[in-house]
Amino acid sequence: MAHGSASDWETTARAALTEGGHRGGGARGAVVSLLGRQDCCLSAQEITRELHEAGTDVGIASVYRALELLHGMGLVQRVEFGEGVARFERVVPGGEHHHHAICDRCGRVTPFEDERLETELERLAGRLKHSMRGHDLVIRGACPRCR
């Protein structure tokens, strides 16, 4: 399940880096390319490992710097599930997003979308007379492999 167009996000991210006076090669370029292909969030450690497995020699400090810059530019969002590990995923223009189901046993993160849920959350915000800028939903339990 992909949310948003990866190539559109990657093009937008590279253009934003250039417009901001930042180089888009090296670690930044590798991180942008990798995140552009992802359907869900990854930690800096996971990004570094995937880049190494693909033959790109990038240090974890460079990955963290790239992620912080992309986060500061609003191109990625930081996702934290209360386990002490920050994960990052691309911010898709238009506000499209997904939620996450996390396995308590293996740590697997599964993205999901649900239009009825979104409608109900908007209805709930209205009933509470509360404006809704955003929301997060995390389902915790055992994934199908661990059950």
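The values are calculated or read from the model by the stated rules, or taken from the named source; none is laboratory data. Every value quoted in this text rests on a predicted model; they were computed, and no experiment measured them. All Cβ positions, even for glycine, are placed from backbone atoms using ideal geometry, and neighbour counts span all protein chains on display. Heavy atoms of the whole protein, side chains included, go into the accessibility calculation; ligands, DNA and RNA do not. Shrake-Rupley method; radii C 1.70, N 1.55, O 1.52, S 1.80 Å.
Brief remarks on what is shown
- Scanning the range 106-138 for residues that are more than 23 Å from residue 44 (Cβ to Cβ) and either open to solvent by 70 Å² or more (accessible area, probe 1.4 Å) or in a helix (DSSP H, G or I) (or both) yields a total of 20.
- If you go through the range 9-46 and keep only what is over 23 Å from residue 81 (Cβ atoms) and not small (Gly, Ala, Ser), you end up with 10, 11, 12, 14, 17, 18, 19, 22, 23, 28, 32.
- Any hit, the range 10-31, residues being within 25 Å of residue 103 (Cβ to Cβ) and free of Cβ contacts under 8 Å to residues at least 60 places away in the same chain: no
- The residue that is farthest from residue 78 (Cα to Cα), among those in the range 22-48 that are part of a loop (DSSP other than H, G, I, E, B) and either in contact with a strand residue (DSSP E or B) (Cβ under 9 Å, 6 or more places away or on another chain) or open to solvent by less than 50 Å² (accessible area, probe 1.4 Å) (or both), is 25.
- Among the residues of the range 49-74, those identified as open to solvent by 50 Å² or more (accessible area, probe 1.4 Å), modelled with pLDDT under 95 and of a type in the set (Gly, Ala, Ser) are 54, 55, 72.
- Each residue in the range 92-105 was checked for being touching a Gly at 6+ places or on another chain (Cβ under 6 Å) and open to solvent by less than 50 Å² (accessible area, probe 1.4 Å), and 1 pass.
- Extreme residue, least open to solvent (accessible area, probe 1.4 Å), among residues of the range 75-91 that are closer than 15 Å to residue 15 by Cβ and at pLDDT below 90: 90
- Positions within the range 71-105 being within 22 Å of residue 48 (Cα to Cα), of a type outside the set (A, V, I, L, M) and not in a strand (DSSP E or B), in sequence order: 71, 72, 74, 81, 82, 83, 84
- Long-range neighbours under 9 Å by Cβ, at least six apart or interchain, first residue of a type in the set (S, T, N, Q) within the range 121-147, second open to solvent by less than 60 Å² (accessible area, probe 1.4 Å): 131/125
- Each residue in the range 47-63 was checked for being closer than 21 Å to residue 84 by Cβ and without any contact (Cβ under 8 Å) to a residue 12 or more places away in the chain, and 2 pass.
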